[in-house]
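**Student:** Supplied in structure tokens, the structure appears directly below.
The values are calculated or read from the model by the stated rules, or taken from the named source; none is laboratory data. Computed from a prediction, not measured in an experiment: that's the story for all the values here. Here the Cβ is made from the backbone with ideal geometry for all residues, glycine too, and neighbour counts use every protein chain on show.
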């Protein structure tokens with residue numbers, strides 16, 4: 001029964017997202033909210049409308065509202081979902097303002113912070129985390145809030161910085177959402193309410209991806225790139241604090257964010273203000289494999305490591321995360337040596 005219901009929900013979201021993306025594209029063109037080529041880290045050659053994330057946001061919450069009876073039948077309370085929704089609204093408001101007026105970084109960061117605070121005020125928390133050596137670590141309210149704040153900010157800025165290639169963020173987050181859906185549908189971790197939300201997010205991303213695949217007809221925009229990281233991060237928390245699952249999917253992009261911050265600090269530049277083309281996806285593009293193949297490389301890595309999380313215990317997940325770290329380390333060293341040879 002739930003399989004048939006899941007298929008209907010997924011297809012409904014997919015179609016709604018596609019239709020809303022077409023509508024939002026027309027609105028963005030009419031309002032002249034367009035990403036123009038020419039700046040340092042921009043690789044597109046045609047003017048492309050922004051605000052695409054609004055289509056994902058709308059389709060996600062519209063369908064979530066339509067199936068609210070299923071969602072509210074779980075262990076989560078209405079206030080948890082309301083906090084999630086309010087946080088997403090903050091991101092959409094800030095994203096629109098940035099796409100329209102190109103806000104300075106000190107104003108851009110206000111909206112992600114408000115989004116996290118909305119989630120915390122909605123009562124979302126982490127009671128415990130798994131100890132890889134056995135048992136659990138139980139968290140105080142203050143420590144839980146700190147971990148959630150750091151986690152959600154990291155996820156948002158990961159997808160923000162990852163949004164440099166057509167279809168990259170929407171595709172990777174769709175894979176992550178499907179992994180969360182599969183995880184919450186297992187007997188041991190059965191959470192159909194969170195599973196439905198994850199499936200809706202995947203459908204919304206894939207509906208948008210039809211028009212975001214290279215060559216993209218529309219971009220996510222600031223709000224969309226932040227919203228996708230925010231949503232996947234929240235789902236990882238409310239599915240029982242399964243942050244490791246999301247980390248396995250987003251491991252390479254998260255480490256790329258970490259390396260970007262370190263690299264820019266070493267160069268004495270603001271890590272969130274200075275733009276460059278040194279991200280991993282830009283470096284892969286530099287090898288001449290193209291946007292589509294670069295996106296597919298990320299998809300494959302996200303799928304492989306994400307699926308591994310479904311079958312591994314805590315120790316195995318830690319080992320998989322270590323492997324991701326080593327892969328990123330090898331890539332950083334390889335590209336650093338390549339740069340020195342060019343000099």
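**Student:** For the range 138-174: of the residues being more than 10 Å from the chain's Cα centre (by Cα) and assigned to a loop (DSSP other than H, G, I, E, B), which is nearest to residue 206 (Cα to Cα)?
**Tutor:** Per the criteria, the residue is 167.
**Student:** Quick one: which of 129, 175, 150, 200 is within 30 Å of residue 72 (Cβ to Cβ) and surrounded by fewer than 16 Cβ atoms within 10 Å (Cβ to Cβ)? Please lay out each step first, then the result.
**Tutor:** Details: 129 fails: surrounded by fewer than 16 Cβ atoms within 10 Å (Cβ to Cβ); 175 fails: surrounded by fewer than 16 Cβ atoms within 10 Å (Cβ to Cβ); 200 fails: surrounded by fewer than 16 Cβ atoms within 10 Å (Cβ to Cβ).
Residue meeting the stated conditions: 150.
To keep it simple, each residue is scored yes or no on (1) without any contact (Cβ under 8 Å) to a residue 40 or more places away in the chain; (2) in a loop (DSSP other than H, G, I, E, B).
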position	(1), (2)
288	yes, yes
296	yes, no
302	no, no
319	yes, no
324	no, no
328	no, no
332	no, no
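**Student:** Now for a different question. For the subset of the range 86-106 comprising residues that are surrounded by fewer than 16 Cβ atoms within 10 Å (Cβ to Cβ) and touching a residue at least 12 places away in the same chain (Cβ under 8 Å), which member is farthest from residue 51 (Cα to Cα)?
**Tutor:** Filtering the range 86-106 down to residues surrounded by fewer than 16 Cβ atoms within 10 Å (Cβ to Cβ) leaves 93, 101-102, 104-106.
Those still in the list that are touching a residue at least 12 places away in the same chain (Cβ under 8 Å) too: 93, 105.
Values: 93: 11, 105: 18 Å.
The extreme case among them is 105.
**Student:** Here's something else I'd like to know. Since residue 100 meets every condition but one in (1) assigned to a helix (DSSP H, G or I); (2) touching a helix residue (DSSP H, G or I) at 6+ places or on another chain (Cβ under 6 Å), which condition does it not meet?
**Tutor:** Just one mismatch for residue 100, condition (2).
**Student:** Do the conditions hold for residue 225, that is, is it crowded, with 22+ Cβ neighbours inside 10 Å, in a helix (DSSP H, G or I) and out of contact with any strand residue (DSSP E or B) (no Cβ under 9 Å at 6 or more places or on another chain)?
**Tutor:** In short, yes.
**Student:** Is it the case that the range 16-29 has a residue that's closer than 16 Å to residue 202 by Cα, at pLDDT 95 or above, assigned to a helix (DSSP H, G or I) and out of contact with any helix residue (DSSP H, G or I) (no Cβ under 7 Å at 6 or more places or on another chain)?
**Tutor:** Of the residues in the range 16-29, the ones closer than 16 Å to residue 202 by Cα are 16-21.
Within this subset, residues satisfying the condition of being at pLDDT 95 or above are 16-21.
Add one more test, that the residue is assigned to a helix (DSSP H, G or I), and what stays is 16-21.
Still in the list and also out of contact with any helix residue (DSSP H, G or I) (no Cβ under 7 Å at 6 or more places or on another chain): 19.
Looking through the range 16-29, at least one residue is closer than 16 Å to residue 202 by Cα, at pLDDT 95 or above, assigned to a helix (DSSP H, G or I) and out of contact with any helix residue (DSSP H, G or I) (no Cβ under 7 Å at 6 or more places or on another chain).
**Student:** Quick one: residue 32 ticks every box in (1) surrounded by fewer than 17 Cβ atoms within 10 Å (Cβ to Cβ); (2) assigned to a helix (DSSP H, G or I); (3) more than 22 Å from the chain's Cα centre (by Cα) except a single one, so which number is it?
**Tutor:** Among (1) surrounded by fewer than 17 Cβ atoms within 10 Å (Cβ to Cβ); (2) assigned to a helix (DSSP H, G or I); (3) more than 22 Å from the chain's Cα centre (by Cα), the lone unmet condition for residue 32 is (2).
**Student:** Same structure again: From (1) at pLDDT 85 or above; (2) out of contact with any helix residue (DSSP H, G or I) (no Cβ under 7 Å at 6 or more places or on another chain), pick out the condition that doesn't hold for residue 266.
**Tutor:** (1)
**Student:** Select from the range 230-241 the residues that are over 16 Å from residue 89 (Cβ atoms) and not in a loop (DSSP other than H, G, I, E, B) and write down the one among them that is farthest from the chain's Cα centre (by Cα). Explain how you work it out, then say what you get.
**Tutor:** Of all residues in the range 230-241, those over 16 Å from residue 89 (Cβ atoms) come to 232-233, 235-241.
So of that shortlist, the ones also not in a loop (DSSP other than H, G, I, E, B) come out as 232-233, 235-238.
On the way: 232: 5, 233: 7, 235: 11, 236: 11, 237: 14, 238: 15 Å.
The selected residue is 238.
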